[in-house]
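A.B. asks: Would you mind keeping the following structure in view while I ask a few things?
The values are calculated or read from the model by the stated rules, or taken from the named source; none is laboratory data. Nothing here was measured: the structure is a model prediction, and the numbers come from that model. Note: ideal-geometry Cβ built from the backbone for every residue, glycine included; neighbour counts use all protein chains shown. To get the accessible areas, we keep the full protein, side chains included, count just its heavy atoms, and leave off ligands, DNA and RNA. Shrake-Rupley method; radii C 1.70, N 1.55, O 1.52, S 1.80 Å.
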Amino acid sequence: MTGDHPDRSVVDSLGIAILSMYSLTILSAPVFSTRFGGYLPEDAGFLTAIIITSVIGALVLTTAFRHHVIHFTDKATTDDRSVWNEVVLYTLTYIPVTIISGLLISLLTAAWSATPDTVLLLHHALATGLTVVLLFFRRKGQIEYPHWIQVHSWGARDYVALFGGTFLLTYAYMTSAFGPTSALLVPFSLFCATVLVVLRWAGAFTSTNNPGSPQTVAGD
């Protein structure tokens, strides 16, 4: 531990960069899809915008906001507060929220002739915002999530939950960027899910200081 910042291993630093790029990609892709006419595989400008946003954004997050990123990704007191559990919970929150908010927006747009791009952007912002708010209240202890949907032991079940959660999250966010029938959407989602599982398996953001503590990777 050095000052307010814990010592970071190489895999932790790599994990911060990858998670930053991944998050910025899936969050910005639906926004950029309203700006460009084609889908990501067909539009070089769209692809360039996503890459520049992800790379420059990751550099900013890992430098100017390094302390905040480390604070979020660093394991707190128990494994259910780790960033990996947050990925799973974000997915399990976002999927129902995006369905419910989609129904509400469809009722709203029935009386308001909005353009499809506006509806997409509104839906994306609303679902993401509500998901973040719910997880924020959970972190504050004001909302309790069922124990069975969280990850603790990091056995096979937990890795499957992380893989499935990342896949579904990527697929849901990137559909508007790749197109719902794109042959690249599933491989990209599988790739992202695999990368995050490998990071977790490699020990990113996991404590090994006390082998007898619940923070230790028990299922690896």
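A.B. asks: Conditions first: (1) closer than 20 Å to residue 169 by Cα; (2) part of a helix (DSSP H, G or I); (3) open to solvent by less than 70 Å² (accessible area, probe 1.4 Å). Residue 40 passes all but one, so which condition is the exception?
C.D. replies: If we test residue 40 against (1) closer than 20 Å to residue 169 by Cα; (2) part of a helix (DSSP H, G or I); (3) open to solvent by less than 70 Å² (accessible area, probe 1.4 Å), just (2) comes out false.
A.B. asks: For residue 193, indicate whether it is of a type in the set (Gly, Ala, Ser), within 30 Å of residue 44 (Cβ to Cβ) and in a loop (DSSP other than H, G, I, E, B).
C.D. replies: no
A.B. asks: When you scan the range 187-208, do you find a residue that is modelled with pLDDT under 85 and open to solvent by 30 Å² or more (accessible area, probe 1.4 Å), even just one?
C.D. replies: yes
A.B. asks: List pairs: first residue in the range 137-165 and on the phi < 0 side of the Ramachandran plot, second residue open to solvent by less than 80 Å² (accessible area, probe 1.4 Å) and of a type in the set (S, T, N, Q) anywhere in the structure, Cβ distance under 6 angstrom, at least six positions apart or on different chains.
C.D. replies: Listed pairs, sorted by first residue: 150/85; 151/85; 165/91.
A.B. asks: Just for the range 130-182: of the residues that are polar (S, T, N, Q), open to solvent by less than 20 Å² (accessible area, probe 1.4 Å) and not in a loop (DSSP other than H, G, I, E, B), which one is farthest from residue 89 (Cα to Cα)?
C.D. replies: The selected residue is 170.
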